[in-house]
Amino acid sequence: MMGSPPARRLGALAVFLLALFLAAPWGVDCGYNVASVAGSKNRLRARLELAGGGGGGAAPELGPDYLDSRVEESLETDSRLHVRITDADHPRWEVPQDVIPRPSPDSFLAATRPGGGRVLSTATSDLTFAIHTSPFRFTVTRRSTGDVLFDTTPNLVFKDRYLELTSSLPPPGRASLYGLGEQTKRTFRLQRNDTFTLWNSDIAAGNVDLNLYGSHPFYMDVRSGGGGGGGAAHGVLLLNSNGMDVIYGGSYVTYKVIGGVLDFYFFAGPSPLAVVDQYTQLIGRPAPMPYWSFGFHQCRYGYKNVADLEGVVAGYAKARIPLEVMWTDIDYMDAYKDFTLDPVNFPADRMRPFVDRLHRNGQKFVVIIDPGINVNTTYGTFVRGMKQDIFLKWNGSNYLGVVWPGNVYFPDFLNPRAAEFWAREIAAFRRTLPVDGLWVDMNEISNFVDPPPLNAIDDPPYRINNSGVRRPINNKTVPASAVHYGGVAEYDAHNLFGFLEARATHDALLRDTGRRPFVLSRSTFVGSGRYTAHWTGDNAATWEDLHYSINTMLSFGLFGIPMIGADICGFGGNTTEELCSRWIQLGAFYPFSRDHSAIGTVRRELYLWESVARSARKALGLRYRLLPYLYTLMYEAHTTGAPIARPLFFSYPGDVETYGIDRQFLLGRGVLVSPVLEPGATTVTAYFPAGRWFSLYDFSLVVATKTGKRVTLPAPADTVNVHVAGGNILTLQQPALTSSRVRQSVVHLLVALADDSTATGDLFLDDGESPEMAGPRSRWSQIKFSGATESGGGVVRVRSHVVHDSYAPSRTMAIGKVVLMGLRSPAPPKGFAVYANGVQVNASTAVGGAAGSPEKGALGVAHVSGLTLVVGQEFDLKVVMTY
């Protein structure tokens with residue numbers, strides 16, 4: 001019988017309040033008290049006891065609470081604080097040391113002693129840790145400002161398969177959070193009430209707000225105003241490979257984890273660049289990528305045969321569009337089996353000559369491989385894998401999955417023999433076809449069937465928000481109850497598979513070729529950047545995905561994976577001419593720039609539409625000119641963790657207007673890309689932070705502002721707006737169809753003077769393929785450039801300082817032209833005198849912009865040509881303007 005309207009309203013209210021209570025970031029009133037504390041100079045250890053004497057605990061439907069837990073804190077460096085909460089008496093699963101090498105808990109325990117305070121702080125660190133005892137909670141504070149960075153509520157939950165912890169955040173508007181993934185998001189900055197589920201899944205990237213291919217429980221928090229000042233940043237990592245939900249509620253962040261330990265790391269910053277430096281010091285620096293990988297790549301799922309591949313290569317050459325690397329998806333395989341060639345459409349006697357021709361032309365070839373090995377007794381790879389017993393186990397035998405080739409077993413890359421097996425298969429395949437890199441796909445692990453539950457581990461008491469509908473964790477992957485080498489449950493190691501396969505593939509290529517490996521992995525984890533590049537996965541050919549690609553690209557820069565890009569023109573669905581044209585204008589400036597599309601969709605090679613070809617020639621022409629700059633950014637990424645593509649606040653952390661910008665991005669510290677992201681647009685509104693901004697097409701001054709402002713710019717159909725900030729010196733070479741030809745061309749220096757009439761820049765050089773980048777066994781050169789005006793602006797000096805020079809070609813590379821931008825001229829100059837190392841040289845000069853106009857004091861540009869300044873030798877160039 002239905003109740004009366006008031007009763008129904010009360011019932012609805014009760015249901016609403018119950019739902020609100022269950023969704024709240026805190027559990028029921030329980031938590032832990034501190035029983036004892038031990039410490040030393042840089043370390044604390046506390047034993048925790050369940051509050052209430054163990055009677056009940058929080059959320060009993062999720063299992064019993066641990067009666068005793070342990071929290072350990074250490075200042076591992078002046079900028080890194082480690083806080084680890086685990087079971088007091090028994091070991092639990094943690095991310096293995098060989099995945100993220102780090103100080104072990106045993107060394108921590110040996111260094112502590114009974115007694116001591118409840119505050120961890122040193123004079124050299126800006127991080128202060130404090131334990132609060134009854135009930136237990138902890139805070140992390142920035143010592144220099146008093147700003148609270150992490151402030152846990154007293155409702156810690158620690159069960160066998162459910163852990164929960166919440167930290168409060170400052171009032172809305174003070175904290176801007178970025179990171180946590182992998183998800184396709186509508187904005188780069190996290191939005192209130194976002195839930196990030198971390199459980200690696202084969203879900204197309206065209207779906208927003210769902211857990212995708214990788215797991216990165218790391219965020220950066222940039223604070224504005226308040227006690228922390230403007231632009232101070234810090235980072236937070238939960239080093240845990242188990243499935244989890246991370247809920248960002250605006251005023252709090254809550255972790256709900258289904259296993260492992262609560263292993264937090266805090267990074268002090270205070271600049272965004274310092275945060276990623278400190279983060280990658282822990283998780284590993286990004287791997288150096290070969291020089292050729294910064295060229296343009298072409299792929300498609302659905303190439304029919306070798307003739308199809310040859311036609312694509314010829315199409316790019318005829319259209320005069322750069323093509324660095326040709327790729328093939330699973331089409332090349334014999335019945336989709338790894339390390340085989342289709343004997344009809346891609347036979348070895350045609351594929352090998354095709355690849356040899358690419359190599360003679362300075363081009364490269366990359367193919368895809370998947371982890372599933374077809375169960376087939378006539379298939380050599382399978383036979384050898386069985387003999388070496390390297391496959392994942394389940395219920396007493398090898399786990400049988402289904403992927404592209406049909407029934408498959410999956411290598412268990414926690415097994416040391418699996419990496420050796422993988423390396424031998426790669427080496428044998430490369431004897432048939434000398435591929436230059438490998439693309440590892442489907443490694444979440446993807447599975448075309450849903451494994452039935454075997455035991456309770458397949459259905460944990462807390463269901464993470466898998467696929468946005470809390471679907472079972474076994475859905476379309478291998479069972480959580482599968483067993484890895486050493487008895488490790490897939491339940492714990494699931495999110496590590498892509499990392500482990502990428503590492504094995506990287507090491508195999510290095511061993512086989514002796515050259516710098518190129519690996520592209522779909523699935524990633526914390527630290528994957530040490531071995532692999534990444535792309536954003538199966539996006540869609542939509543204007544929305546065009547924009548969202550910037551958000552994912554910027555997030556992976558934070559995650560320590562700077563070699564990142566999206567499928568240009570979109571993977572799934574049919575693209576359009578206009579969308580493809582605008583996409584290459586953006587995609588030409590992804591760190592990893594590849595056109596890729598799905599079988600059955602309209603072809604989208606860049607030469608097929610003339611309007612797209614025009615956009616490609618212009619955008620890729622500029623990219624290829626910028627290759628020395630991009631490669632120098634790779635060196636910076638490898639040595640400091642700095643992203644190649646960066647949000648604007650990395651260079652302008654004090655400008656709060658930059659915190660929400662995700663429709664533009666920087667390459668390095670000062671090249672600003674402002675793409676068109678909507679159909680039918682002929683203009684684009686771009687934000688320019690304070691300073692001078694010059695066009696990278698004609699070097700003219702476009703914007704000069706003291707405070708930062710939005711400017712509406714023309715955006716012709718074939719042009720993307722790209723600007724350089726004053727204060728930067730860029731090294732450019734001449735455009736060509738391959739990077740090897742670019743490297744043989746003359747060097748130009750672009751000197752963009754800031755308001756204070758100075759500029760600086762860097763150049764890194766090596767052979768582009770040695771395994772080490774700036775290592776003791778490699779040959780490399782690093783040059784720093786500086787520029788400034790003297791004598792009231794009538795003299796400009798550009799100097800170089802050779803930091804290191806063991807790369808011989810740097811002594812034959814010549815700077816033939818220097819472009820000086822932002823000259824302040826009292827009148828049109830009548831002439832120039834040019835001196836190199838104190839000796840006047842016969843250089844040609846030309847002026848443009850305001851320097852050639854009668855406007856007094858206006859800014860202009862001067863081109864100084866005919867120079868022969870050797871890159872590897874220090875020089876002092878002086879340009880004197882006469883009036």
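Its DSSP H runs of at least 4 residues, each contributing -39,500 (n - 2.57), put the calculated 222 nm mean residue ellipticity of the chain at -6000 deg cm²/dmol, to the nearest 500. Only one residue of S739, L44, G179 has its Cα farthest out toward the positive end of the dipole of the chain, where Lys and Arg carry +1 and Asp and Glu -1 on Cβ, and that residue is S739. For the chain, can you list the cysteines whose C-beta has no other cysteine C-beta under 4.7 Å from it? Cysteines of the chain left without a disulfide-compatible partner: C30, C299. So for the stretch 453-580, considering every pair of alpha-carbon atoms, how many percent are separated by more than 21 Å? Counting pairs separated by more than 21 Å, the tail of P(r) holds 57 percent. Rolling a 1.4 Å probe over the protein heavy atoms gives the chain an accessible area of 34 Å² per residue. When Rg and Dmax of the Cα atoms in Å is computed from the coordinates, the matching label among [x] 28.8, 85; [y] 28.6, 102; [z] 30.1, 110 is [y]. What does the C-alpha gyration tensor say about the overall shape of the stretch 155-302? Classify as rounded when a/c is under 1.5, otherwise prolate if a/b is larger than b/c, or oblate. The shape class here is oblate.
Hydrodynamic analysis of the stretch 32-283 uses the Kirkwood radius over alpha carbon pairs. Inserted into Stokes-Einstein at 10 °C and 1.306 mPa s, it gives a translational diffusion coefficient of 85 µm²/s. The Cα center of the stretch 57-104 and the Cα center of the stretch 280-314 differ in position by 40 Å. Listed by chain and number, the aspartates and glutamates whose C-alpha is less than 12 Å from the C-alpha of K706, apart from same-chain residues fewer than 8 away, are D655, D755.
Among 31-38, 378-385, 213-220, the peptide with the highest mean count of other Cβ atoms within 10 Å heads the list, and the full ranking is 213-220, 31-38, 378-385. Is the stretch 621-683 best put as rounded, prolate or oblate by its Cα gyration tensor, with a ≥ b ≥ c the root eigenvalues, rounded for a/c under 1.5, and otherwise prolate when a/b is larger than b/c, oblate when not? The shape class here is oblate.
Our note on the geometry: Cα centres of the stretch 125-179 and the stretch 451-475, 29 Å apart. Subtracting the Cα-Cα distance of A317 and D160 from 0.36 nm times their residue separation leaves 50.5 nm of extension gain. Counting only protein heavy atoms and a 1.4 Å probe, tell me what percentage of the chain's accessible area is made up of carbon and sulfur. Result for the chain: 54 percent of the exposed heavy-atom area is carbon or sulfur.
For the stretch 381-492, a simple Cβ point-charge model (Lys and Arg +1, Asp and Glu -1, everything else neutral) yields a dipole of about 200 debye relative to the Cα centre. In the structure shown, the pairs K304/K393; K364/K784; K304/K364; K256/K476; K304/K387; K709/K817 are assessed against 28 Å; a Cα-Cα span above that value is assigned to K304/K393; K364/K784; K304/K387; K709/K817. Roughly what percent of Cα-Cα pairs across the stretch 747-883 reach past 19 Å? Summing the P(r) of the stretch 747-883 above 19 Å gives 51 percent of all pairs.
Between amide H atoms placed 1.01 Å from N, distances below 5 Å from T184 occur with D209, L210, all of them 5 or more places distant or on a separate chain. If you average 1/r across every pair of different Cα atoms in the stretch 295-640 and take the reciprocal, what Kirkwood value do you get, in Å? Hydrodynamic radius (Kirkwood, Cα only) of the stretch 295-640 equals 21.0 Å. Summary of the geometry: the stretch 641-697 and the stretch 199-213, compared by the centres of their Cα atoms, lie 27 Å apart.
The values are calculated or read from the model by the stated rules, or taken from the named source; none is laboratory data. Just so you know, these numbers come straight off a predicted model, no measurement behind them. Because the Cβ atoms are built from the backbone with ideal geometry, glycine has one as well, and the counts that use them run over all protein chains shown. These area figures cover heavy atoms from the full protein model, side chains too; ligands, DNA and RNA do not enter into them. Shrake-Rupley method; radii C 1.70, N 1.55, O 1.52, S 1.80 Å.
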